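Here the structure is laid out as structure tokens; the discussion comes afterwards.
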């Protein structure tokens, strides 16, 4: 199975990725009007067999505005002047997104403050209160 290698044990299927070359704006001189050097990469998240449901959900959340209503991630690359560099850039950005989505979120476990930390907090508040009290004006009777 040929595809895009994301990590040692994960490959995205070629059928889930569409790459189209379009004309880019920006640098390139007269070439910019003749050569389609920008890349439009589309990754079909829902169709992908390589990702589990949790990873697909995290990927959709990470993609943000790049995710269409039909569940396709759209990456547009036009930083470079050549098709190959823009294609590599778009694939690299897709790989980064997928790798981020593969990492499950760290579950936060609620902890309670220790007795010593509570005492330090109260001592600090008392000290600060004393400092401010000394700044107050004295009453001259």
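This structure gives volume of the Cα convex hull per residue in Å³, computed directly, and of (1) 162; (2) 267; (3) 91 that value is listed as (2).
Where does helix 53-63 land angle-wise versus the long Cα axis of the chain, in degrees 0 to 90, nearest 10? Result, in degrees: 80. Here is how the number arises for the chain: DSSP H runs of 4 or more residues each give -39500 (n - 2.57), the sum is divided by the residue count, and the result at 222 nm is -12500 deg cm²/dmol. Placing dummy labels 7 Å off each Cα toward the beta-carbon, the span from residue 69 to residue 88 is 3.8 nm. Peptides 113-126, 55-68, ordered by how many other C-beta atoms sit within 10 Å of their residues on average, highest first, read 55-68, 113-126.
Values in this text are rule-based calculations from the coordinates and carry no lab data. In this text the structure is predicted, and so the values were computed from the model without any measurement. Using ideal geometry, Cβ is built from the backbone for each residue, glycine included, and neighbour counts are taken over all protein chains shown.
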